[in-house]
Structures are given as C-alpha cells and as structure tokens.
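Notes follow once the structure below has been shown.
The values are calculated or read from the model by the stated rules, or taken from the named source; none is laboratory data. In this text, all values refer to a predicted model and were calculated from it rather than measured experimentally. Every residue, glycine as well, gets a Cβ built from its backbone with ideal geometry; the counts of neighbours run over all protein chains shown. Surface accessibility is based on the protein's heavy atoms, side chains included, excluding ligands, DNA and RNA. Shrake-Rupley method; radii C 1.70, N 1.55, O 1.52, S 1.80 Å.
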Amino acid sequence: MVRKKVLSGDWDGPDVSISPATFYRLLLLPELEHVKVVKCKRFAACQYCLQLKAHIRASTGRRREFWEEELRQHNAWQMGERLKQAKHVEKATNPSTSHKHMVLMIDNMDHSKSSLPHFPRPPKDLESAQLLDTHITGIHVPGWRERPFTCFTWHDRFPTGSDSVITFITRILCDYSKEHKLPEHLYLHMDNCWRENKNRYVLGLAHLLVENGCFKIVDLCFLPVGHTHNIVDQMFSRFATAFAAACEGF
C-alpha cells in the first residue's frame, strides 16, 4: 500500500532519502517500466566549460583553485542570464504585466533528425543517398494561451538565413495581433547564430517594429554560447523521440 501511494504521488508521509542503488532497483518495478534514465546529456556541451574542467583535472593546489573559481564565475554568469530570461517570461505570463510585455523564443531543430525519409539507423544501400532536408523552426510565446507553441516546416529550396526567421516572426505577430493587442515591450530570445539571428536584417526588423509603432521597445536577447537550451529544445527532443519511434519498424 505504501509503495502504491509513493508511485501514484499520494504519499503524504515524511521525506525519505534512499541510496542510488535503491533508486535504480525501484526503476525495475513494472509500474516504472516507462521511466528511463539518460546516462549523459544529449545536447552539445559548452566548449569553455569543457576546457575549464580539463584544466581542473590536470591541475593541483592554487592552480586548481584558480580554474575552479573561473568555472564558478562562468556558471554564475550563465545562470544570471537564464534568470534574466526567466524574469522576461514572468513579465509575459503574469496577468498584471502581460499587457506590457511579450516574449518570443525562436530556435531551429537539427535537420539531420528530421530529414526525409527518416531512419533511426540508415540502411547500407541508402547510407550515401541524398535525403530531403526538412527544417523545423519552433516558436514559443509564453502567455499566449490559445497558441503557446508554433512550428514551421520548410526545405532547402528556401535559403537558410535571416529570411525565414523574419518571415516567421512577422507571421506570429500578425496572428497574435488578430486576437490580442500588441504590448509595448517585445523580447526576442534567439541563439547566437550570426547567419540567422545576429545580423543587420534582424536588427532592421526590430527597428521597423519600433518605427511603425508596433512596439515601443524591442530587445534582442541571446544566452551564452553553449547554454542556449530552452523549452523549444525540449519540444524538439520529443519530436526526435517520436520520429525514432515511428520509424522503429523500418
């Protein structure tokens, strides 16, 4: 009975600490057969973090303390940037401030995971075949209850660059304005790719949005390189898992 309450989330008793070995034994229970523990993070790591950790492993004494302090400062900096992003989301979702703030999180999925035809493991005779690269761009609008997530699919016949990003941003803003009044402040959260986001064309779009009176302020926000993973990447992770499961029989 106690085990059923714990697994169902109805346990109201005191907090219990268990050892890692006991935790992994619990994962063998039939009720938890759908739970998987990933041995390592699947997304790319920050190159600077890896360099600092390598210096820490190879150093001793004061030199090791120096590199550990560098890593602490780096983590504090990137966590501060994430907290800033969280504050933007809080402003866009809080009913008392949502009429003044709007957040757009934009990211692209790795097209190697969405190419057509898609195979979890390509057969030998198709290993060198040219696949149809299918790009997926995801946009998350916190606070938009009717459509918090939107995905756009496109192929290589369109140039990869800021054209697609600007098109998708304007589409989202047009659709949003049909249902709600545009707020005063827009936050655009994107990654650090210069070809798509960090260029004069996206800056020109931000200038036009302010010049034409759509917004009073447009902020371009970029998380540190190697630490740009957000809720859109979590959505892409579910897509990749679904693609692999759908093609498992092939």
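Confirm whether VAL202 is outside any loop (DSSP other than H, G, I, E, B), over 18 Å from ASP110 (Cα atoms) and open to solvent by less than 30 Å² (accessible area, probe 1.4 Å). Yes. Of all residue pairs spaced 6 or more apart or on separate chains, those with beta-carbon atoms under 6 Å, a first member in the range 43-60 that is within 17 Å of ALA76 (Cα to Cα) and at pLDDT 90 or above and a second member that is in a helix (DSSP H, G or I) and not small (Gly, Ala, Ser) are LEU52/TRP67; LEU52/GLU70; LEU52/LEU71. For the range 61-74, how many residues meet the condition of being within 16 Å of CYS46 (Cβ to Cβ) and either without any contact (Cβ under 8 Å) to a residue 12 or more places away in the chain or open to solvent by 60 Å² or more (accessible area, probe 1.4 Å) (or both)? Selection size over the range 61-74: 2.
In the range 99-122, the residue that is farthest from ARG171 (Cα to Cα) out of those that are at pLDDT 70 or above and open to solvent by 40 Å² or more (accessible area, probe 1.4 Å) is ASP110. Within the set ARG147, ARG82, the sole residue that is at pLDDT 75 or above, assigned to a loop (DSSP other than H, G, I, E, B), open to solvent by less than 90 Å² (accessible area, probe 1.4 Å) and basic (Lys, Arg) turns out to be ARG147. With the structure loaded, tell me whether THR134 is among the β-branched types (Val, Ile, Thr), within 17 Å of ASP107 (Cβ to Cβ), modelled with pLDDT under 90 and open to solvent by 10 Å² or more (accessible area, probe 1.4 Å) or whether it fails that test. Answer is yes for this residue.
Restricting to the range 85-97, name every residue that is assigned to a loop (DSSP other than H, G, I, E, B) and not β-branched (Val, Ile, Thr).
Residues of the range 85-97 that are assigned to a loop (DSSP other than H, G, I, E, B), as a first pass: 94-97.
Within the range 85-97, ASN94, PRO95, SER96 meet the criteria.
On the stretch given as the range 151-170, residues that are outside any helix (DSSP H, G or I), more than 12 Å from ASN108 (Cα to Cα) and in contact (Cβ under 8 Å) with a residue 12 or more places away in the chain total 2.
Taken over the range 209-232, the criterion of being closer than 18 Å to GLU196 by Cβ and either assigned to a strand (DSSP E or B) or free of Cβ contacts under 8 Å to residues at least 12 places away in the same chain (or both) is satisfied by VAL218, ASP219, LEU220, CYS221, PHE222. Looking across the range 142-165, the residues that are within 15 Å of TRP194 (Cβ to Cβ) and touching a helix residue (DSSP H, G or I) at 6+ places or on another chain (Cβ under 9 Å) come down to GLY161, SER162, ASP163, VAL165.
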